[in-house]
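Beneath this line is the structure, given in structure tokens, with notes to follow.
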Amino acid sequence: MYNALDIARYVINYCNKKQKPISNLKLQKILYFLWIDYFKATQEYLFDNEIYAWKFGPVVPDVYYEFCAYGGVPILRDFQIEINNNDKEIIDATIDKCIELTPYQLVEKTHKSNTAWYKTVHDVGLKELIPFTLIEEMECEN
């Protein structure tokens, strides 16, 4: 299992190398889809940093606050991050699915009525924790 900040740094590096730099908003959505796809592939958590239901979708606060100074502009930094090669395959495939979508297309995907974000917001409210068990139940069933 990784720390979400390390996964975020890997995502930033990957997107910058593809010349598709991303904002913090897009990073947050990609992290969420990475968590889901990794769990589907391995039945393990990619990271165990908490995910919350914020206005524009799921957010990992640890990562959000690390990069919030960038606002809506691309995060143009380079990090030294080690990720297992098998994990890179899963991670890269998910990033490739998300990289061409706009941040708001990704937000729309997380706001659908069959998502853990939607259920959390409508049952408990904004800014509340999205339990991993709810993500598994609603988004990881194949």
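The values are calculated or read from the model by the stated rules, or taken from the named source; none is laboratory data. This one's a predicted model, so the numbers in the text were calculated from it and none came from an experiment. Because the Cβ atoms are built from the backbone with ideal geometry, glycine has one as well, and the counts that use them run over all protein chains shown.
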On the given criteria, is residue 58 in a strand (DSSP E or B), closer than 16 Å to residue 26 by Cβ and not basic (Lys, Arg)?
-> yes
Tell me, please, whether a residue that is assigned to a helix (DSSP H, G or I), at pLDDT 95 or above and either in contact with a Lys or Arg (Cβ under 7 Å, 6 or more places away or on another chain) or over 17 Å from residue 50 (Cα atoms) (or both) can be found in segment 70-83.
-> yes
Kindly list, by first and then second residue, each pair from a residue in segment 78-102 that is β-branched (Val, Ile, Thr) to a residue that is assigned to a loop (DSSP other than H, G, I, E, B), limited to pairs with Cβ atoms under 9 Å and residues at least 6 apart or on different chains.
-> 90/46; 91/46; 91/83; 95/18; 99/18; 99/20; 99/22
Selection from segment 1-42 of residues that are buried (at least 24 other Cβ atoms within 10 Å of the Cβ) and hydroxyl-bearing (Ser, Thr, Tyr) | 32
Entirely in segment 96-141, the helices (runs of 4 or more DSSP H) that have 2 or more residues that are among the aromatic types (Phe, Trp, Tyr) and buried (at least 16 other Cβ atoms within 10 Å of the Cβ) = 116-123
Can residue 85 be described as touching a helix residue (DSSP H, G or I) at 6+ places or on another chain (Cβ under 8 Å) and surrounded by fewer than 16 Cβ atoms within 10 Å (Cβ to Cβ)?
-> no
